[in-house]
Amino acid sequence: MELIRMYDTNEDVLVARNNAMVNFNMIDIVGRGIRKIFNEQWKRHFPMPDYEIDAANKEVAVRLYGNAINEKYTKLLKENKDLSLEDCILLDAVQKGHRLNESDAKNLLERGLVEGEYPDLTISLNIARQTKQLPEYTKVKGLERDKIKQMTLQYIQNAGEEGAKLDAILEYIKDVLPSTKSLEQKRRLLRHILEEMKNENMIQVNGRTWFENGYKS
């Protein structure tokens, strides 16, 4: 679900899926607009809510998350005066894996808050360092391309005269590829890497089987 910008109006209708959250004063269904709910979630260090709009019935359903965002991350957002509420909402959307619209993504990229190639974005290395999230950042980003190439070459060399097929190579390196990518996206990425390696005279291909460069089939 893509949900990035919401606007507060006097006609907002909030339908809480869980009435218990109202009873515990986590949300208020009277006199509160969308922006107010975002503010309250932010103050409590909760992840931002997701909304589902039913235009036909003029209803807005909200999904509230009970797990707190990493405290160091929310502390950074609160203390960094250059970050607006909208920035917080957009960064939270990146954290949840939602796709940003292109203009918002461009703005965050230019300011160094996120990195990657649109629409696949992650928090930036600088943000990851400040919030002590380097292990998670590295897992999401995957190994550097040159290191992936070295792993791939090592596997193909080990395969010897039998050579290695794409699926076998993928099984070997999939865990060091970006964790945000699906298996099919990882397969496409590996194809590109193999083509690069072939153009760099590191490997060669015979049919669908890959060999170290110089192997005589």
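The values are calculated or read from the model by the stated rules, or taken from the named source; none is laboratory data. Since the structure is predicted, the reported quantities are computational estimates derived from the model, not experimental observations. Cβ placement follows ideal geometry from the backbone for every residue including glycine, while neighbour counts extend to all protein chains displayed. Keep in mind that these areas ignore ligands, DNA and RNA; they rest on the heavy atoms of the full protein, side chains included. Shrake-Rupley method; radii C 1.70, N 1.55, O 1.52, S 1.80 Å.
For the stretch 86-105, which positions are in a helix (DSSP H, G or I) and open to solvent by less than 60 Å² (accessible area, probe 1.4 Å)?
Within the stretch 86-105, D87, C88, I89, L90, L91, D92, A93, V94, D104, A105 qualify.
Could you tell me which of the residues T131, T122, T180, T152 is farther than 30 Å from D87 by Cα and of a type in the set (S, T, Y)?
From the options T131, T122, T180, T152, the qualifying one is T152.
Is there a residue being out of contact with any helix residue (DSSP H, G or I) (no Cβ under 8 Å at 6 or more places or on another chain) and more than 30 Å from N39 (Cα to Cα) anywhere in the stretch 99-116?
Checked the stretch 99-116: no residue is out of contact with any helix residue (DSSP H, G or I) (no Cβ under 8 Å at 6 or more places or on another chain) and more than 30 Å from N39 (Cα to Cα).
Note down all Cβ pairs under 8 Å where the first residue falls in the stretch 122-150 and is closer than 19 Å to L109 by Cβ and among the small types (G, A, S), the second is part of a helix (DSSP H, G or I) and open to solvent by 40 Å² or more (accessible area, probe 1.4 Å), and they're at least six residues apart or on different chains.
Between residues of the stretch 122-150 that are closer than 19 Å to L109 by Cβ and among the small types (G, A, S) and residues that are part of a helix (DSSP H, G or I) and open to solvent by 40 Å² or more (accessible area, probe 1.4 Å), the close pairs are A128/L134; A128/E136.
Consider the stretch 111-127. How many of its residues are in a helix (DSSP H, G or I) and open to solvent by 80 Å² or more (accessible area, probe 1.4 Å)?
The number of residues fulfilling the criteria is 1.
For L108, are the conditions met, namely being surrounded by 13 or more Cβ atoms within 10 Å (Cβ to Cβ) and in a loop (DSSP other than H, G, I, E, B)?
No; evaluated as a whole, the condition is false for this residue.
Tally the residues that are at pLDDT below 80 and within 22 Å of K174 (Cα to Cα), restricting the search to the stretch 97-119.
Counting residues in the stretch 97-119 that are at pLDDT below 80 and within 22 Å of K174 (Cα to Cα) gives 1.
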